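No lab work stands behind these numbers, since they all come straight from the coordinates. Keep in mind it's a predicted model, so treat the numbers as computed, not measured. A quick note on method: Cβ atoms are made from the backbone with ideal geometry, for glycine too, and the neighbour counts reach across all protein chains shown.
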Amino acid sequence: MFTYPTWVGFDLDGTLVSTAEDIAYALNTTLNHYYLPDIELALVKTWIGNGTTKLTERALDFHNNTNIDRAEATRLLETIYDDCVTRSSSLFSNAKATLQSLHQQRIKLALVTNKNTSHTHKLLEHLEIKAMFDTIVCADTLKKKKPDPLPLYISVNNMNCEVQDGFYVGDSINDVTTARNAGCKVVTVDYGYNHGNPISQSEPDAIISDLSEVLALFN
């Protein structure tokens, strides 16, 4: 059982929102531009969570390509993704209801993601959950991103809370490491994009199968 939190933080991709299909579409459209073949969705899912630069690098490494300008390919990927970010992405089960319940209990909510600001805000607005968050920190908000603890520190500070008085909810070892580095508890979902590995190997404080289970941790 967790103590009653003053804040709860959330990851986005693979935690609150199913985004893999749109990310894979943007990635494969980028690869096709360079006459490279598609990569299967199942493999793309294992690459999600470290930002677009790393995603591009993994795809080009997979094709053993060292000729394409990776910065240029990343920019193209981001442009394509900006046009399809809401194409088929959807909230996971009980995501919105859980956020609403936490908000109604006057628990402050943070979104800390390695997704770029433009993509994040467009997606949150489309899914009608942006207004529920007290603070949003994205990959390009600061000079550092997860698993560095700075984004989580800044989020908690923005909400006038103490880091030890809340917990972070994510789907990968990246999120577990972020929370550990920051000094707070961490909860993980078991359906996310953890690079193809069982999330139990990351040893979070709790593992849930549905976001509604967040409420049972302290109520």
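How high is the relative contact order of the chain, given as a whole-number percent (alpha carbon pairs under 8 Å, six or more residues apart)?
RCO, the chain: 27 percent.
What shape does the chain take by its C-alpha gyration tensor, where a ≥ b ≥ c are the square roots of the eigenvalues and a/c under 1.5 counts as rounded, a/b above b/c as prolate, and the rest as oblate?
It comes out prolate by the Cα gyration axes.
Is the stretch 20-84 best put as rounded, prolate or oblate by its Cα gyration tensor, with a ≥ b ≥ c the root eigenvalues, rounded for a/c under 1.5, and otherwise prolate when a/b is larger than b/c, oblate when not?
rounded
Which whole-angstrom value gives the distance between the alpha carbon centres of the stretch 20-41 and the stretch 143-193?
Computed from Cα coordinates, the inter-centre distance equals 30 Å.
For residue 29, what is the net charge nearby, where nearby means another residue's Cβ is under 14 Å from its Cβ and Lys, Arg count +1, Asp, Glu -1?
-4
Angle check, please: helix 70-84 long axis (alpha carbons) against the longest principal axis of the chain (alpha carbons), in degrees 0 to 90, nearest 10.
Helix 70-84 sits roughly 60 degrees off the main axis of the chain.
Can you list residues whose amide H is under 5 Å from residue 94's amide H, if they're 5+ apart or on another chain and H is modeled 1.01 Å from N?
Residues meeting the criterion, in which the H sits 1.01 Å from N, do not exist here.
With θ set to phi - 60°, apply the Karplus curve 6.51 cos²θ - 1.76 cosθ + 1.60 along the stretch 166-176 and write out the HN-Hα couplings as whole Hz, x wherever there is a Gly or Pro.
x, 8, 10, 10, x, 9, 9, 4, 4, 6, 4
Which of the three applies to the stretch 122-219, rounded, prolate or oblate, going by the alpha-carbon gyration tensor with a ≥ b ≥ c and a/c under 1.5 meaning rounded?
rounded
Restricting to the chain, what percent of DSSP beta bridges are antiparallel, rounded to 5?
If I count the DSSP bridges inside the chain, around 10 percent turn out antiparallel.
Restricting attention to the stretch 90-145, which trypsin sites (Lys or Arg not before Pro) occupy a DSSP loop and are surrounded by at most 15 other Cβ atoms within 10 Å?
Counting only loop positions with at most 15 other Cβ atoms within 10 Å, the trypsin sites (Lys or Arg not before Pro) in the stretch 90-145 are 106, 143, 144.
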